[in-house]
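First up is the structure itself, then whatever we jot down about it.
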Amino acid sequence: MSFDDPIAEKLLSDSPYERLRARQLSYFVQPIDRKLAWQSYLLFALAGLLPVLSVLPTAVRRTYLPTVASSSPKLAFVALVAVVFVAGTGVGHALVEYVRVERGPLDERQARELVTFESLCSMLGFGTGGLATASTYALVLLGFGGRDLLSAFLAAGGGNPFEPSTLGVTVGFVAIVALLCAVALQTLSAYLHVRACLADGV
């Protein structure tokens, strides 16, 4: 039996996983393929850190990032944290879809555990990962304000996000890892979307 209302269809589904997801109170109830696409966009934004930093005002760039790709400012570590959370939880989302499709049918307990794990991945990926991505670009904006804004930020007690980090995380490394992960998640998203359309006969 099919329904015009997709929520009703899921609530009356034979799948415990679909029923639990339909009853779940969450901002992240989108299909896995869409979540993976959104996460790939966050990663593409993080990969864009390299070209964005390359067009900082000359005074800031020459002082702190003479060679952008090989520079290791503190904000590069914040960006790497964002990459780890977004890409790692993207793998978690893909794992949820694999278990749901390949290891089914799931009983009520297994479905509940899977939905809980998916919710955790979504909260960490979009919450923590999204916040780290936003924080990275907020720090970059300080640089676009020029040395005056950066000096005012430092005078107010803020740390200099463009100072070299002792961790040795370079902008180029973060950009490459983010780009590779973004392409991988985008590919997974497209694959899952096409498979879902074929399963629905679209």
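The values are calculated or read from the model by the stated rules, or taken from the named source; none is laboratory data. Please read these numbers as outputs of a predicted model, since none were measured by experiment. We place every Cβ from the backbone using ideal geometry, glycine too, and count neighbours over all the protein chains shown. Surface accessibility is based on the protein's heavy atoms, side chains included, excluding ligands, DNA and RNA. Shrake-Rupley method; radii C 1.70, N 1.55, O 1.52, S 1.80 Å.
Taking the longest Cα principal axis of the chain as reference, the axis of helix 108-122 is set at about 20 degrees. Treating r as the C-beta distance of residue 62 and residue 165 and R0 as 25 Å, the FRET efficiency rounds to 0.85. Helix 74-102 and the longest principal axis of the C-alpha atoms of the chain enclose an angle of approximately 10°. Expressed as a whole percent, the accessible area of the chain that falls on carbon and sulfur atoms is 65 (1.4 Å probe). Fully extending the segment from residue 27 to residue 149, taken as 0.36 nm per residue of separation minus the present Cα-Cα distance, adds 40.3 nm.
In the context of the full set of protein chains, residues of the stretch 27-200 present 51 Å² of accessible surface per residue (probe radius 1.4 Å, heavy atoms only). Taking the average, over residues, of other Cβ atoms within 10 Å as the packing measure, peptides 58-66, 133-141 rank 133-141, 58-66 from highest down.
Say R0 is 41 Å: what FRET efficiency, to the nearest 0.05, do residue 108 and residue 134 get from their beta-carbon distance? Taking R0 as 41 Å, the efficiency between residue 108 and residue 134 is 0.65.
Helix 32-47 axis versus longest C-alpha principal axis of the chain: approximately 10°, rounded to the nearest ten. Packing, taken as the mean count of other beta carbons within 10 Å per residue, orders the peptides 72-78, 146-152, 160-166 from highest to lowest as 72-78, 160-166, 146-152. Under the criterion of Cα pairs below 8 Å and six or more residues apart, the relative contact order for the chain equals 39 percent.
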